[in-house]
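K.L.:
Shown below is the structure under consideration.
The values are calculated or read from the model by the stated rules, or taken from the named source; none is laboratory data. The model shown is predicted, which means the values in this text are computed figures rather than measured ones. Counting neighbours? That spans all protein chains shown, and the Cβs are built from the backbone with ideal geometry, glycine included. Side chains included, ligands, DNA and RNA excluded: accessible areas come from the protein's heavy atoms. Shrake-Rupley method; radii C 1.70, N 1.55, O 1.52, S 1.80 Å.
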Amino acid sequence: MKTLDIQRKLDAIEESLKTLRIKGTTRLDWNCLTSQERALFEKVNDLKEEYAPGYPPDDVLQENHELFVKGFELVMRRALDLFQEATRAYCMVDDQNEWFFEFIFNLRVYWFLYEIRRHFEKNRQEEELLEKYENDEEFEQAYNGYLETLEDKTALWSRESFEQFTRPFFDSCLRKKRKRS
């Protein structure tokens, strides 16, 4: 991309931001949904209204579990796409580096989700130990025993955790490259 092209894009973005007014929370635009996606959210909304002002009973939630999961998946996919496009624009990714941006972006997102899972699992284990042991000394011994049994002893959100998470990806790429050679 040439400097003049970048400047034109930045000028266009700057001009469009002057009229941008954001109020309240982010909402999903009904017009951006396909007809199948609208039908999905209409079913969810019908269930919500049927049992308003409370929540649907557990058996209804269980029965429509896949419906709720699909709706959540759709919203998360759209949010992730929006974040990816915003990141791409912020980093000014050109066509040559598109594949590399995709790789790094997805790798970071998956690591983030992996760390979130580790974080909640650790919190859940700590809460169970706290409930089980009243005495601080007993809790400390049980907690130290729990830490010893952990397979992954790297600190959450650390550089080592990221390197440990990404190592298999890079190792597989190196193996593929050696096979081609």
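K.L.:
Students often forget the sequence filter, so: which aspartates and glutamates lie under 16 Å Cα-Cα from residue 153 once same-chain residues fewer than 8 apart are removed?
P.N.:
Output for residue 153: 115, 121, 126, 163.
K.L.:
What stretch of the chain, leaving out the sites themselves, is the longest with no GluC sites (Glu not before Pro) in a DSSP loop having at most 12 other Cβ atoms within 10 Å?
P.N.:
Value returned for the longest uninterrupted segment is 1-133.
K.L.:
What list of ³J(HN,Hα) values in whole Hz, one per residue of segment 91-101 in order, does the Karplus curve 6.51 cos²θ - 1.76 cosθ + 1.60 (θ = phi - 60°) give from phi, with Gly and Pro shown as x?
P.N.:
7, 6, 6, 9, 4, 5, 9, 4, 4, 5, 4
K.L.:
Can you give the accessible area of residue 175, probe radius 1.4 Å, in Å² rounded to 10?
P.N.:
130
K.L.:
How large is the dipole of the chain about the Cα centre if only Lys and Arg carry +1 and Asp and Glu carry -1, each at its Cβ, rounded to the nearest 20 debye? If you can, show how the numbers build up before the last one.
P.N.:
Details: 29 positive and 38 negative charges, 332 e Å.
In total the dipole reaches around 1600 debye.
K.L.:
Just want the answer: with Cβ charges of +1 for Lys and Arg and -1 for Asp and Glu, which residue in 149, 89, 107 is farthest toward the dipole's positive end in the chain?
P.N.:
Checked the options; the winner is 89.
K.L.:
May I pose another question? Placing +1 at every Lys and Arg Cβ and -1 at every Asp and Glu Cβ, with all other atoms neutral, what dipole size does segment 99-181 have around its Cα centre, in debye to the nearest 20?
P.N.:
1480
K.L.:
Further, regarding this structure: Using the Karplus equation 6.51 cos²θ - 1.76 cosθ + 1.60 (θ = phi - 60°), what ³J(HN,Hα) coupling, rounded to whole Hz, does each residue of segment 122-132 give in order, writing x for Gly and Pro?
P.N.:
With coefficients 6.51, -1.76 and 1.60, one gets 5, 4, 4, 5, 4, 5, 4, 5, 4, 5, 6 Hz.
K.L.:
Follow-up question, since we're still on this one. Which residues' amide hydrogens lie under 5 Å from the amide hydrogen of residue 93, considering only partners 5 or more residues apart or on another chain, with H built in the peptide plane?
P.N.:
none
K.L.:
Based on the Cα coordinates of the chain, what is the per residue volume of their convex hull in Å³?
P.N.:
Details: hull volume 48.6 nm³, N = 181.
Residue-normalised Cα hull volume stands at 269 Å³.
K.L.:
Give the residue list of chymotrypsin sites (Phe, Trp or Tyr not before Pro) in segment 38-84 that are DSSP loop and have at most 13 other beta-carbon atoms within 10 angstrom.
P.N.:
51
K.L.:
Grab segment 1-144 and count how many Lys pairs have their alpha-carbon atoms under 29 Å apart, sequence gap of 8 or more, or different chains.
P.N.:
Taking the Cα cut-off of 29 Å, the pair count is 10.
K.L.:
Just the number, please: carbon plus sulfur as a percent of the accessible area of segment 26-181, 1.4 Å probe, no ligands or DNA/RNA counted.
P.N.:
Using a 1.4 Å probe with all protein chains present, segment 26-181 comes out at 55 percent carbon and sulfur.
K.L.:
Out of residues 5 or more away from residue 33 or on other chains, whose amide H comes under 5 Å of its own, with H placed 1.01 Å from N in the peptide plane?
P.N.:
Under 5 Å from the amide H of residue 33: no residue qualifies.
K.L.:
Taking the Cα centre of segment 52-126 as the origin, how large is its charge dipole in debye, to the nearest 20, when only Lys and Arg (+1) and Asp and Glu (-1) carry charge on their Cβ atoms?
P.N.:
280
K.L.:
So how many Å³ per residue does the convex hull of the Cα atoms of segment 81-181 work out to? Before the final figure, lay out each step's value.
P.N.:
Working: hull volume 14.1 nm³, N = 101.
Roughly 139 Å³ of hull volume per residue.
K.L.:
Of 133, 39, 54, which is farthest towards the positive pole of the chain's charge dipole, taken about the Cα centre with +1 and -1 on the beta-carbons of Lys, Arg and Asp, Glu respectively?
P.N.:
Comparing the listed Cα positions along the dipole, 39 ranks first.
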